[in-house]
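The values are calculated or read from the model by the stated rules, or taken from the named source; none is laboratory data. Keep in mind that what you see is a predicted model, and the values were worked out from it rather than measured. As a convention, Cβ positions derive from the backbone with ideal geometry for all residues, glycine included, and neighbour counts pool all protein chains shown. Ligands, DNA and RNA are stripped out before the accessible areas are found, and what is left, the full protein with its side chains, is counted by its heavy atoms. Shrake-Rupley method; radii C 1.70, N 1.55, O 1.52, S 1.80 Å.
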Amino acid sequence: MEVRNPRSGERDYRFEPTSAADIAAKARAARDAQRAWFSGGLERRIAILKKWAESLGRHAAEIAAALSVDTGRTRISHEELGAVEHFIHGYCEAAPQVLAQPFRKFSHNDEIIFKTTLVPYPLVGVISPWNFPLVLSFIDAIPALVAGAAVMIKPSEVTPRFVEPLQRSIDDVPELARIITLVRGGAETGQAVVANSDAIVFTGSIKTGRKIALAAAEAFIPAFLELGGKDPAVVLAGSDLARAATSILRSAIYNTGQVCYAIERVYVDASVHDEFVAELLRQAATLRRSHAAGDGGHYGPFIFEAQGAIVQAQLQDAVARGARILSGGKVENVGGAIWLDPTIVTGVDHGMAVMTEETFGPVVPVMKFDSVEEAAHLVNDTVFGLSGAVFGPDTHTAGDFATLMEAGGVSINDTELQRGMMFDGEKTAFKMSGMGGSRYGATSILRYVRKRALIANEGGIKPLTELSELET
């Protein structure tokens with residue numbers, strides 16, 4: 001497979017996809033290794049994973065360099081590495097308490113004791129997307145490893161370069177050689193991962209998530225799906241408009257908008273609509289492209305070439321239906337890189353794709369509303385329910401509106417606060433934005449185990465004569 005460089009547009013990297021036969025063989029080897037991985041106990045798993053965290057540190061420069069070429073960004077690539085190390089230490093610290101299952105007595109008979117034992121799925125398959133290749137490979141893989149499962153990870157074929165240095169960091173810890181299996185390829189490779197896993201985790205689009213859900217159902221394995229978002233922000237009357245504009249723009253342009261929980265549609269009280277749009281435009285004018293690491297720029301080109309075409313089509317559809325583009329709006333190829341400057345759009349409605357379909361680009365469409373009831377209807381008029389944000393004059397006013405939003409995580413007087421709650425809270429996706437238990441919170445380790453009850457009678461056994469009541 002040939003891979004495009006997002007900065008130059010050149011096809012400058014090639015790799016051989018892992019075959020279905022190889023995936024089946026690797027899956028068998030992983031299951032064999034998993035038995036010892038689990039039976040060795042939690043303390044051993046923690047010690048080995050911490051050794052790997054140290055190895056990641058030794059290989060950090062080459063992993064980050066490969067990620068930077070994969071994605072066209074530098075700072076965020078280093079942030080991804082730091083996040084993975086944070087996941088390792090956080091889950092290792094939380095695991096002893098989360099996984100503790102002491103013997104207890106039945107509430108109605110103290111002669112019977114029981115204990116719930118937690119049995120991990122032998123092999124958890126992880127299929128991750130191209131926008132955060134490393135983080136979204138291990139945000140689910142690490143709690144599965146801590147629980148005692150082996151993992152097979154297929155990163156996106158759009159961003160595969162980082163796999164080689166990452167593999168070297170794993171090879172430095174021999175105990176992980178068959179516990180973490182990395183495979184590369186396209187859709188067929190993903191299908192083989194699903195077919196050979198005991199549980200599957202996927203992060204990506206609703207379209208692909210549906211296919212994986214069907215394949216998982218056919219294989220009779222659980223599927224944990226974190227799918228697309230069309231996150232709304234609501235700006236109520238009395239809000240700090242400068243704060244709201246800053247937060248919304250930050251969300252919309254971070255990683256060039258290629259984030260599932262980016263703010264992609266904004267609803268503003270009619271009484272402050274014009275003032276808010278003016279503030280958005282003022283702040284957007286201060287932002288500029290980042291052509292090289294450390295040049296002071298704020299956003300880079302699209303990672304995936306096709307994404308630029310998707311965003312351009314949405315903007316053209318909006319204009320054709322009466323919307324006005326006030327800044328940005330033109331996807332352009334400059335030296336092979338696909339760019340879109342922060343784009344502010346007004347005069348939008350729910351007849352336009354830019355308000356109803358996932359955009360995944362630095363676009364801020366703004367629509368006015370006349371009442372809180374109308375705003376609540378507009379926010380929830382969607383198949384998506386990942387997260388959102390609301391701005392108000394105070395926490396309570398904004399919080400009251402947040403309870404009306406059909407979304408898994410709602411930031412109040414800010415955006416994307418859920419990014420920081422990895423071990424401190426839980427949320428699940430609503431509607432078609434996902435399926436399965438929360439990937440947030442320390443207890444997400446429990447997604448990767450089955451529960452087996454051991455029940456012991458420490459008292460007497462009922463005599464057979466007590467069966468006489470059943471005779472007729």
**Report entry** Whichever residue in region 217-230 is within 11 Å of the chain's Cα centre (by Cα), open to solvent by less than 20 Å² (accessible area, probe 1.4 Å) and not small (Gly, Ala, Ser) and, among such residues, is farthest from Phe202 (Cα to Cα)
**Finding:** Leu227
Report summary line: Among strands (runs of 3 or more DSSP E) entirely inside region 366-462, those with 1 or more residues being touching an Asp or Glu at 6+ places or on another chain (Cβ under 8 Å) and open to solvent by 20 Å² or more (accessible area, probe 1.4 Å) are 449-457
Query raised in the report: Which of the residues that make up region 279-315 are open to solvent by less than 50 Å² (accessible area, probe 1.4 Å) and among the hydroxyl-bearing types (Ser, Thr, Tyr)?
Result: Ser290, Tyr299
Requested in this report: Among the residues of region 160-191, write down those that are open to solvent by 70 Å² or more (accessible area, probe 1.4 Å) and either among the β-branched types (Val, Ile, Thr) or part of a loop (DSSP other than H, G, I, E, B) (or both).
Outcome: Asp172, Arg178
Query raised in the report: If you go through region 48-64 one residue at a time, do you hit one that is in contact with a His (Cβ under 9 Å, 6 or more places away or on another chain) and open to solvent by 20 Å² or more (accessible area, probe 1.4 Å)?
Result: yes
Query - Only one of Phe138, Phe106, Phe114 that is open to solvent by less than 10 Å² (accessible area, probe 1.4 Å) and either aromatic (Phe, Trp, Tyr) or modelled with pLDDT under 95 (or both) - result: Phe138
Query raised in the report: Checking Asp274 against (1) open to solvent by less than 60 Å² (accessible area, probe 1.4 Å); (2) without any contact (Cβ under 8 Å) to a residue 60 or more places away in the chain, which test does it fail?
Result: (1)
Report summary line: The residue that is surrounded by the fewest Cβ atoms within 10 Å (Cβ to Cβ), considering only those in region 231-247 that are of a type outside the set (A, V, I, L, M, F, W, C) and part of a helix (DSSP H, G or I), is Arg243
Query - Positions within region 1-19 being of a type in the set (Gly, Ala, Ser) and surrounded by fewer than 16 Cβ atoms within 10 Å (Cβ to Cβ), in sequence order - result: Ser8, Ser19
Query - Single unsatisfied condition, Ile338 versus (1) in a helix (DSSP H, G or I); (2) touching a Pro at 6+ places or on another chain (Cβ under 6 Å); (3) open to solvent by 10 Å² or more (accessible area, probe 1.4 Å) - result: (1)
Query - Complete set of residues in region 149-178 that are over 17 Å from Ala192 (Cβ atoms) and aliphatic (A, V, I, L, M) - result: Ala149, Val158, Leu166, Ile170, Val173, Leu176, Ala177
Report summary line: Scanning region 79-103 residue by residue, those among the hydrophobic types (A, V, I, L, M, F, W, C) and open to solvent by less than 60 Å² (accessible area, probe 1.4 Å) turn out to be Leu81, Ala83, Val84, Phe87, Ile88, Cys92, Ala94, Ala95, Val98, Leu99, Ala100
Query raised in the report: Restricting attention to region 248-271, and to residues there that are open to solvent by 30 Å² or more (accessible area, probe 1.4 Å) and either among the basic types (Lys, Arg) or closer than 21 Å to Gly385 by Cα (or both), which single residue is nearest to the chain's Cα centre (by Cα)?
Result: Tyr261
Query raised in the report: Quick check: is even one residue across region 398-420 touching a Gly at 6+ places or on another chain (Cβ under 6 Å), over 19 Å from Val234 (Cα atoms) and of a type outside the set (D, E, K, R)?
Result: no
Query raised in the report: Here are Val173, Val194, Val201: which of them is at negative phi, among the aliphatic types (A, V, I, L, M) and out of contact with any Leu (no Cβ under 9 Å at 6 or more places or on another chain)?
Result: Val194
